[in-house]
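Here is the structure we will look at.
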Amino acid sequence: MAAKIARTTRYLALLRGINVGGNKKVPMATLRELAGTLGYLNVATYIQSGNLMLTATAGAAEVTQALEQSIAKTFGFSVEVIVRTAAQWQGYQQQPGFADAATQRPNLLLLGAAKAPVNAGCADELTRYAKAGERIAVAKDAIWIDFAAGVGKSKLTPAVIDRAAGSTVTMRNWTTVQTLTGLLIGASAASTSSR
C-alpha cells in the first residue's frame, strides 16, 4: 500500500513590529533558521520588516503558535505573528481596495492584515480619526488605508487601528504586497513542478 503524501500549504507569516527603532531585533537569517528547525520547507524572507514565507503541512493556527513560541524562546521577547495562505494573500493583491492609489501612490496604500476577523464597526471607528484625507476600506480580515497625505502625521496610529479592528494588525504597503505575491506564487509553482 502506497504511503499517504501529506498535503502542504504555502504560507506568509507577517511579524509585527520587529527591527523598528532598535527594538525587537530579529535577524532574517536567524528567522529562516528557526523556521527550518520547526520543519518548514522552502523558507525565505523578504526585507527586514518580518515577511517570512514557508511551506508546511500544519494549519495556519498551528504555524502561528509555533512561530510565536519559538521566537519568544529564541530572542527573549514576544512578537505577534499573522499568517496567511498564499491563496489568501493573492486575493488581497487582486483587490487592492483603492485601485487609483495602487497606481498613483503604491507606497502610501497600506494593507493591514488582522489577526482575527475585523470588528463590524471598524471602518466607522477609523473614519473618526481620518483627519488628513485618508480613505478606508475593510474586508473580513484586512483593512486598506490610502494615506494620500502621508503616514507620518496621520492620526491612524497602530494603536488606533488595533483597537478599531479588535485584534493586532500589521501593515504592508502596496509595493510590498505585490512583491510578496510574486514570491509566493513563484515558490508555489516551483514546488509543484518539482514534485
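Each reported figure results from applying straightforward, stated rules to the coordinates on display, with no laboratory input. This is a predicted model, so every value here is computed, not measured. We place every Cβ from the backbone using ideal geometry, glycine too, and count neighbours over all the protein chains shown.
Could you compute the net charge surrounding residue 141? Neighbours are other residues with a C-beta less than 10 Å from the C-beta of residue 141; K and R count +1, D and E count -1.
Summing Lys and Arg as +1 and Asp and Glu as -1 gives +3.
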Task: Length released on extending from residue 42 to residue 159, taking residue separation times 0.36 nm less the Cα-Cα span - done: 38.8 nm
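If you put +1 on each Lys and Arg Cβ and -1 on each Asp and Glu Cβ, how big is the dipole of region 48-195 around its Cα centre, in Debye rounded to 20?
Roughly 180 debye, rounded to the nearest 20.
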TODO: List the residues whose amide H sits under 5 Å from the amide H of residue 45, counting only those 5 or more places along or on another chain, with H placed 1.01 Å from N in the peptide plane.
DONE: 53
Open item on the list: Compute a Gaussian network model of the chain, connecting alpha carbons closer than 10 Å, and tell me which residue from 65, 178, 94 fluctuates the most.
Closed with: 94
Open item on the list: Taking 35 Å as R0, compute the FRET efficiency from the Cβ-Cβ separation of residue 100 and residue 62 and round it to 0.05.
Closed with: 0.35
TODO: Mind pulling the angle between the C-alpha long axis of helix 60-75 and the longest principal axis of the chain? Nearest 10 degrees, somewhere in 0 to 90.
DONE: 90
Open item on the list: For a test of the definition: using alpha carbon positions, the gyration tensor, and the 1.5 limit on a/c, classify region 48-127 as rounded, prolate or oblate.
Closed with: prolate
TODO: Can you bin region 90-177 into rounded, prolate or oblate? Criterion: square roots of the alpha carbon gyration tensor eigenvalues sorted a ≥ b ≥ c, rounded for a/c under 1.5, prolate for a/b above b/c, oblate for the rest.
DONE: oblate
Task: Gaussian network model of the chain, springs between alpha carbon atoms under 10 Å - residue of 50, 22, 121 with greatest fluctuation - done: 22
Task: Cα shape, region 1-88, gyration tensor, a/c 1.5 rule - done: prolate
